[in-house]
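Here the structure is laid out as structure tokens; the discussion comes afterwards.
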Amino acid sequence: MFRKLILISSVALIVAACSKPAAEISIIPVPQSVILKSGSFKVPGSVFSYDATTMDAMGKGHILDFASAVTAVTGKPSPVKESLSNKGFSFAVDPTLDPEEYAISISSKSVKVRASQGVGFLYAIQTLKQMLPTAFFEGKTANSEKWVLPAVEIQDKPRFAYRGMHMDPCRHFFDVDEVKKYLDVMALHKLNRLHWHLTEDQGWRIEIKKYPKLTEVGAYRDQTVVGKNFDPFVGDGVRYGGYYTQEQIKEVVAYAANLGITVIPEVDLPGHMIAAVASYPYLGCTGKQFKVWERWGVADEVLCPGKETTFEFLEGVLEEVMELFPSEYIHIGGDECPKTYWKTCPHCQKKIKELGLKSDDKHSAEDYLQNYVTERVQSFINAHGRKIIGWDEILEGNLAKGATVMSWRGVAGGIEAAKNGFDAIMTPNSYMYFDYFQSNELDKEPLGIGGYLPIDTVYSYEPYKGIPEEARHHILGVQANLWTEYIASNEHLEYNLLPRLDALSEVQWCDPEKKDFERFKKSLERMCKIYDILGYTYSKQVFGEAGFPGHEGRPD
Ligand code: ACM
Ligand code: ZN
């Protein structure tokens with residue numbers, strides 16, 4: 001009983017201690033446990049130390065980078081030692097911690113960091129950076145700043161293993177520098193997956209050596225619809241496009257890996273494929289030449305699954321994709337695939353007969369033909385030791401075991417998937433579509449696809465809502481999606497991302513009882529100063545200032 005009382009009172013103390021300092025120490029996502037103590041640590045001239053025999057290369061790299069950044073801003077050299085010291089900053093490998101877990105203990109004498117591997121040290125350093133004056137992010141000597149860290153005990157690890165952000169460089173293209181800038185801000189918030197949507201109707205963006213026309217032809221469209229002038233169509237008459245070479249892809253994958261981020265490529269199939277059909281017309285049902293699409297929406301021209309050559313093509317593409325991306329998961333899309341051509345295509349109808357596919361009261365024979373495509377591609381990917389992710393349409397009909405479902409049409413797909421024993425990633429459009437407007441003062445917003453998703457709605461999302469307790473282990477995590485039909489510039493991309501990414505990071509990282517919108521909003525003020533310094537564009541809607549003045553982009 002006595003021990004129980006001690007336990008209860010110490011838990012109460014920790015909770016009491018946690019709730020106050022979290023408001024004073026401004027870190028996003030807020031750590032699981034923050035216990036402020038009295039005193040502070042003086043940073044300038046501190047030694048940095050780690051044990052070279054146990055530290056991995058990634059951890060060492062981030063420690064060295066942090067030590068040089070500290071030297072630069074304080075103007076006093078911080079020497080680095082390859083054996084652990086009791087003074088200054090020390091980084092000790094502690095194999096008892098989870099891979100992404102870290103602990104920081106700061107007293108007036110030392111800053112002791114523990115983690116089990118590189119990514120944990122990276123996260124500890126991200127936390128320390130956010131505890132220093134924001135001038136740290138300027139990267140130049142600032143003698144007038146108080147370079148101290150408060151005495152504190154921090155224990156931290158993520159709630160969800162999958163913490164993703166999506167990028168669509170197909171509707172509009174974003175170069176490697178912008179992709180890296182995107183990855184940097186993801187890493188600052190401890191996200192660990194970039195879902196890179198690389199193929200679309202409006203542009204194919206990944207070099208495939210076996211099929212060079214995919215980028216010679218498929219990476220460029222003759223023009224782009226102006227605003228929402230679909231009917232009658234008004235185009236801008238400006239050729240538009242671009243793609244990533246395989247060398248650039250390798251560069252991005254390596255850059256991301258050093259930030260603890262796995263890049264998951266998406267080859268969206270069998271729909272959203274006009275750019276591929278425009279490059280190789282035999283991939284479509286009719287063999288007709290189509291143009292890379294110049295407008296937005298869902299196109300009827302999709303791949304023809306009635307021909308073996310279509311699968312040869314997909315396997316050739318996926319082989320190169322799997323060579324380039326070490327990710328355990330390959331995203332194969334599966335969304336929005338109209339069956340218009342399949343219904344009359346002799347190849348598709350022959351295949352339906354051969355497979356004995358029949359319509360029933362829920363699905364058409366053509367819907368089951370899409371299941372066949374998913375299953376064939378899944379087997380191919382599984383045979384290469386990888387797994388598939390697909391948009392929630394892959395649940396329609398029959399889905400083979402081992403597929404992971406990305407729930408985007410609300411939360412229903414994720415709930416159904418988890419209940420039926422499939423892993424799921426929650427990206428519901430109702431909470432996680434960052435292409436939606438973030439304010440309802442539309443006269444101040446650049447043209448967008450529609451929707452309304454302010455930051456507090458993002459923040460309020462609870463991924464387990466509606467998921468039975470026994471199925472919760474199937475929820476791998478959460479991701480936000482950022483489609484770019486109406487987003488043509490880096491500034492506009494960042495504006496739609498930030499600061500909703502901050503809210504996303506707390507949904508992904510923090511236990512529900514740690515979330516507090518008022519504390520979060522206060523921390524955001526500081527984070528926005530960091531965005532100003534690092535040159536990110538962001539929305540000020542949360543501070544009552546809607547709009548995106550002076551943005552550059554396509555006329556909208
Ligand atoms: C989607 O938004 N079409 C997945
Ligand atoms: Zn066909």
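In nm, give the distance between the simple-model label positions of ASN398 and GLU178, each being 7 Å from the Cα along the Cα-to-Cβ direction.
Taking the simple label geometry, ASN398 and GLU178 are separated by 4.4 nm.
What does the charge dipole of region 461-556 about its Cα centre add up to, to the nearest 20 debye, if the Cβ of each Lys and Arg holds +1 and the Cβ of each Asp and Glu holds -1?
In total the dipole reaches around 180 debye.
Please report the carbon-and-sulfur percent of the accessible area for the chain; probe 1.4 Å, protein heavy atoms only, DNA, RNA and ligands left out.
53
How many Å² of accessible area per residue for region 356-499, probe 1.4 Å?
38
Label ALA257 and VAL234 with points 7 Å out from Cα along Cα→Cβ: what is the distance between them in nm?
Placing both labels 7 Å along Cα→Cβ, they lie 4.9 nm apart.
For the chain, with only Lys/Arg (+1) and Asp/Glu (-1) charged at the beta-carbon, what is the dipole magnitude about the Cα centre, in debye rounded to 20?
Its charge dipole is roughly 1680 debye.
Below 29 Å, Cα to Cα, which lysines can LYS291 reach? Residues fewer than 8 away in the same chain don't count.
In chain and number order, the partners are LYS209, LYS210, LYS213, LYS228, LYS307, LYS339, LYS343, LYS350, LYS351.
Any idea which of GLN479, ILE106, MET167 is furthest toward the positive side of the dipole for the chain, if Lys and Arg beta-carbons carry +1 and Asp and Glu beta-carbons -1?
ILE106
Excluding ligands, DNA and RNA, what is the solvent-accessible area per residue of region 275-345 at a probe of 1.4 Å, expressed in Å²?
Value for region 275-345: 36 Å² per residue.
For region 334-436, which trypsin sites (Lys or Arg not before Pro) pass both filters: DSSP loop (anything but H, G, I, E, B) and at most 12 other C-beta atoms within 10 Å?
LYS358, LYS362, LYS401
Applying the Karplus parametrisation 6.51 cos²θ - 1.76 cosθ + 1.60 with θ = phi - 60° to the phi angles of region 100-105, what ³J(HN,Hα) value in whole Hz is obtained for each residue in order, glycine and proline being reported as x?
In residue order, the calculated couplings are 9, 7, 8, 9, 10, 10 Hz.
Do the sum for the chain: with -39,500 (n - 2.57) for every DSSP H run of n ≥ 4, divided by all residues, what is the mean residue ellipticity at 222 nm, to the nearest 500 deg cm²/dmol?
-10500 deg cm²/dmol
Select from GLY306, GLN32, LEU447 the residue farthest towards the positive end of the dipole of the chain; place +1 on Cβ of Lys and Arg, -1 on Cβ of Asp and Glu, and compute about the Cα centre.
GLN32
Length gain on complete extension for the stretch ASP98 to GLU24, per 0.36 nm per residue less the alpha carbon to alpha carbon distance?
Stretched fully, the ASP98-GLU24 segment lengthens by 23.9 nm.
Could you tell me which trypsin sites (Lys or Arg not before Pro) in region 118-199 are loop residues by DSSP with no more than 12 other beta carbons within 10 angstrom of their beta carbon?
Numbers: sites: LYS129, LYS140, LYS146, ARG159, ARG163, ARG171, LYS180, LYS181, LYS190, ARG193; in loops: LYS140, LYS146, ARG159, ARG171, LYS190.
Those satisfying the criteria are LYS140, LYS146.
Farthest toward the dipole's positive end in the chain, which of SER144, PRO158, PHE230, given Cβ charges of +1 (Lys, Arg) and -1 (Asp, Glu) about the Cα centre?
Farthest along the dipole direction, towards plus: SER144.
Say each of GLU518 and THR344 gets a label point 7 Å from the Cα, pointing the same way as Cα to Cβ; how far apart are those two points in nm?
With each label placed 7 Å out from Cα toward Cβ, I get 6.3 nm.
When only C-alpha pairs under 8 Å and at least 6 residues apart count, what is the relative contact order of the chain, in percent?
On the way: 1161 pairs, mean separation 73.5, N = 556.
Rounded, it is 13 percent for the chain.
With only Lys, Arg, Asp and Glu charged, each at its Cβ (+1 for the first two, -1 for the last two), find how big the charge dipole of region 404-533 is about the Cα centre; round to the nearest 20 debye.
Around 200 debye, computed over region 404-533.
Starting from the Cα of ASP360, move 7 Å in the Cα-to-Cβ direction to define the label point; list residues of region 393-411 whose amide nitrogen is under 17 Å from there.
Taking a point 7 Å out along Cα→Cβ of ASP360, the residues of region 393-411 whose backbone N falls under 17 Å are 394-401.
For region 162-198 and region 347-364, write down the distance between their C-alpha centroids in whole Å.
A separation of 39 Å, based on Cα centres.
If you average the C-alpha positions of region 73-98 and of region 230-276 separately, how far apart do those two centres end up, in angstrom?
Cα centres, region 73-98 to region 230-276: 40 Å.
In the chain, which helices (entire DSSP H runs) extend 15 Å or more along their own long axis, judged by Cα positions, while averaging at least -0.5 on the Kyte-Doolittle scale?
Result, helices passing both filters: 2-24, 57-74, 118-131, 176-188, 246-258, 308-324, 517-534.
Taking all pairs of different Cα atoms in region 246-292, averaging 1/r and flipping that mean, what Kirkwood radius in angstroms comes out?
Kirkwood hydrodynamic radius for region 246-292: 12.9 Å.
Which distance in Å, rounded to a whole number, links the C-alpha centroids of region 22-50 and region 99-115?
A separation of 9 Å, based on Cα centres.
What GluC sites (Glu not before Pro) in region 311-381 are in a loop by DSSP, with at most 15 other Cβ atoms within 10 Å of the Cβ?
Loop-located and lightly packed - GLU328, GLU336.
The values are calculated or read from the model by the stated rules, or taken from the named source; none is laboratory data. Computed from a prediction, not measured in an experiment: that's the story for all the values here. Here the Cβ is made from the backbone with ideal geometry for all residues, glycine too, and neighbour counts use every protein chain on show. These accessible areas exclude ligands, DNA and RNA; they are computed on the full protein's heavy atoms, side chains included. Shrake-Rupley method; radii C 1.70, N 1.55, O 1.52, S 1.80 Å.
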